[in-house]
1. Would you work out the relative contact order for segment 182-236, in percent, from Cα pairs under 8 angstrom that are 6 or more residues apart?
2. How would Cys101, Cys139 line up from fewest to most surrounding beta-carbon atoms within 10 angstrom?
3. Just to be sure I understand: with springs between alpha-carbon atoms less than 10 Å apart, which residue in His23, His150, His108 has the highest mean-square fluctuation in the Gaussian network model of the chain?
4. Just to be sure I understand the curve: with the Debye formula and one point per C-alpha of segment 205-266, what is log10 I(q)/I(0) at q = 0.14, 0.23, 0.24 Å⁻¹?
5. Using square roots of five times the C-alpha gyration tensor eigenvalues, list the equivalent-ellipsoid semi-axes of segment 10-64 in whole Å, biggest first.
6. Could you tell me whether segment 1-125 comes out rounded, prolate or oblate from its Cα gyration tensor? Rule is a ≥ b ≥ c as square roots of the eigenvalues, rounded for a/c under 1.5, then prolate if a/b exceeds b/c, otherwise oblate.
7. Would you mind ranking Glu236, Glu195, Glu83 so that the residue whose beta carbon has the fewest other beta carbons within 10 Å leads the list?
8. May I ask you to list the GluC sites (Glu not before Pro) in segment 91-134 that are in a DSSP loop and have at most 16 other Cβ atoms within 10 Å of their Cβ?
Amino acid sequence: MVVNGLARRTPLIAGNWKMNLDHLQAIAFVQKLAWNLKDAGHDFTAVEVAVFPPFTDLRSVQTLISADKLDLAFGAQDVSAQESGAFTGEISGAFLAKLECQYVIIGHSERRTLHNETDEQVSAKIAAALKHNLVPIICVGETAADLELHGPSAVPVAQLRAALANVSNAADIVVAYEPVWAIGSGQAATPEQAEQVAAQLRAVLQETLGQDVADKTRILYGGSVKSGNIAAYMREPNVDGALVGGASLDIAEFSSIVRFQKHVGR
Ligand code: PGA
């Protein structure tokens with residue numbers, strides 16, 4: 001669809017479960033979430049919904065979604081940069097593709113902080129994902145200290161530039177702006193800040209991958225997103241959805257975030 005000369009991007013609401021819900025809980029959760037959204041008359045073509053369970057749940061979630069033909073997308077929370085071999089504990093992009101994952105979250109701040117993931121590793125993981133036609137959700141964001149020293153955009157912009165080092169302009173990618181200080185803190189960024197950084201990230205996409213990619217790529221905001229604040233983010237022209245952590249584990253709350261269009265004319 002073209003609005004005001006711009007191709008409108010389909011919003012994506014992505015639920016990052018982190019290390020929560022085992023495979024049996026995942027089956028019950030996904031089933032209830034799908035019913036809940038269907039009962040509410042959710043139009044899945046207007047707002048895409050994706051869940052990101054732990055690796056051990058993926059096979060169960062895939063089986064359920066394909067057997068019941070649910071309109072939910074799913075993906076993994078990380079991927080190895082390696083293809084196969086002696087990498088104990090790692091999961092390859094080939095395995096995720098075989099499980100019909102559409103997406104994979106890469107460079108989440110918890111991976112960067114707790115597992116010392118570098119920009120180079122993030123970039124290599126993105127290449128591994130793209131090789132298997134998985135859409136990487138590339139996470140970038142500044143810490144509270146970065147914010148104080150450099151303002152909101154400098155670090156996310158530098159992280160995105162580094163992440164795109166191996167990406168071609170034909171690639172299907174998603175970018176998630178997640179200020180580290182806003183994750184799990186209840187202290188969300190203002191919609192104005194999310195928009196300001198998202199606009200700069202889109203400029204990086206345009207410079208590095210061209211106008212078409214900049215126009216079609218969805219940029220999500222993440223960090224303490226709730227049903228009460230989602231509408232304000234979605235009113236911003238450069239914010240195309242949300243990466244939701246804590247609130248994605250509550251079916252009613254997550255459904256309400258997905259149905260943000262009740263609150264905004266978008
Ligand atoms: P939060 O987490 O919604 O709990 O702040 C977001 C994320 O880590 O992706």
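Laboratory data are not the source of any read-out in this text; all were calculated from the coordinates shown. Since the structure is predicted, the reported quantities are computational estimates derived from the model, not experimental observations. Backbone-built Cβ (ideal geometry, glycine too); neighbour counts: all protein chains shown.
1. On the way: 39 pairs, mean separation 29.1, N = 55.
Normalised by residue count, the contact order of segment 182-236 is 53 percent.
2. Numbers: Cys101 25, Cys139 29.
Starting with the residue having the fewest Cβ neighbours, the order is Cys101, Cys139.
3. Of His23, His150, His108, the most mobile in the Gaussian network model is His150.
4. -0.44, -0.89, -0.93
5. Numbers: eigenvalues 85, 34, 15 Å².
Over the Cα atoms of segment 10-64, the semi-axes work out to 21, 13, 9 Å.
6. oblate
7. Values: Glu236 18, Glu195 21, Glu83 12.
Going from sparsest to densest Cβ surroundings: Glu83, Glu236, Glu195.
8. Details: sites: Glu100, Glu110, Glu117, Glu120; in loops: Glu100, Glu117.
In loop regions of segment 91-134 (DSSP not H, G, I, E or B), the sparsely surrounded GluC sites (Glu not before Pro) are Glu100.
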